[in-house]
Amino acid sequence: TPTGDFYGRVTFQDGQAVDSVEVRLETTDDISGQSLYFSGSGSTAKVDDTSLLSDNSLPVTLQAWIKPADVSSTTAQHIIYKRNMYDLGISAGKPYFSVGNAKISAAKALSNTQFTHLSGVYDKTGGKIYLYINDSLATSGNCSTAPNQSTYAVTLGESYKGNIDEVRIWNKALSSNEIATDYTRYLIGNESKLAAYYTFDYISSEAFYDQSYVGSNYNEHHGTLSGV
């Protein structure tokens with residue numbers, strides 16, 4: 001997972017700087033990562049530490065790349081789920097995000113042939129929730145009341161059939177610019193307010209590992225796999 005910073009100038013032939021340049025570095029090697037595949041009922045990934053997402057005084061952003069295998073079922077398929085508090089998922093193929101009793105849903109179903117990025121944002125200060133698909137805002141809604149605190153563990157892929165990858169859990173409300181900038185790239189792991197980061201490239205048959213850290217201390221929100 002190479003990371004780094006680019007420094008320099010991109011100019012026209014007359015020397016004038018080009019505005020809003022995006023630079024991408026691409027490998028010619030065959031580098032592939034891993035995702036988790038969930039088969040539906042009884043197939044879950046469960047975070048061991050129940051304190052993750054338990055503080056209802058904080059803003060929250062939940063993010064994941066998904067490729068659903070079942071876009072017809074009207075049963076809720078939970079991508080990132082803290083029961084009674086936060087739920088980013090799909091139903092009938094349409095993404096939704098709920099915080100407590102407040103819920104918003106996208107108008108269109110996702111493709112079952114390609115990966116799509118979802119971001120659910122809870123702006124506690126503004127009393128709003130947002131749902132992004134890739135880098136575009138799909139829908140938003142009001143959320144004036146914080147959810148009740150919960151001692152349930154965070155689960156990934158509960159009642160879900162399909163692939164999940166690059167799960168990120170933040171104790172902040174990411175802006176649209178932050179989502180657009182970072183959703184297609186790897187993180188380092190020490191980004192501000194990043195509570196948990198799962199790439200699933202480093203897993204065992206029964207466990208997955210949190211790669212987020214602050215300073216020299218890892219957050220260690222590791223988890224257990226079941227039927228995944």
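Quick notes on this structure:
- D201 being of a type in the set (D, E, K, R) and at pLDDT 95 or above: no
- Check on L131, hydrophobic (A, V, I, L, M, F, W, C), under 20 Å from T50 (Cα atoms), in contact with a Gly (Cβ under 8 Å, 6 or more places away or on another chain) and buried (at least 17 other Cβ atoms within 10 Å of the Cβ): no
- Residues in segment 148-177 that are closer than 21 Å to T199 by Cβ and of a type in the set (F, W, Y): Y160, W170.
- Scanning segment 124-148 for residues that are under 19 Å from H78 (Cβ atoms) and part of a loop (DSSP other than H, G, I, E, B) yields C143, P147, N148.
- Residues of segment 82-96 satisfying the condition of being outside any loop (DSSP other than H, G, I, E, B) and farther than 15 Å from V154 by Cβ: I90, S91, K94, P95, Y96
- Restricting attention to segment 157-189, the residues that are part of a loop (DSSP other than H, G, I, E, B) and aliphatic (A, V, I, L, M) total 4.
- Cβ-Cβ under 9 Å pairs, at least 6 apart or on other chains, segment 194-205 side over 13 Å from L156 (Cα atoms), far side open to solvent by less than 10 Å² (accessible area, probe 1.4 Å) and among the charged types (D, E, K, R): L194/R168; A195/R168; A195/D210
- Of all residues in segment 40-50, those being open to solvent by 60 Å² or more (accessible area, probe 1.4 Å) and modelled with pLDDT of 95 or more number 3.
- Residues of segment 194-222 that are charged (D, E, K, R), more than 14 Å from the chain's Cα centre (by Cα) and surrounded by 15 or more Cβ atoms within 10 Å (Cβ to Cβ): D201 alone.
- Matching residues, segment 190-210, being part of a loop (DSSP other than H, G, I, E, B), more than 16 Å from Y37 (Cβ to Cβ) and in contact with an Asp or Glu (Cβ under 9 Å, 6 or more places away or on another chain): E191, Y209, D210
The values are calculated or read from the model by the stated rules, or taken from the named source; none is laboratory data. Keep in mind that this is a model prediction, so the values were computed, not measured. Cβ: placed from backbone, ideal geometry, glycine included. Neighbour counts: every protein chain shown. Just so you know, the surface numbers come from the protein's heavy atoms only, side chains and all, with ligands and any DNA or RNA stripped out. Shrake-Rupley method; radii C 1.70, N 1.55, O 1.52, S 1.80 Å.
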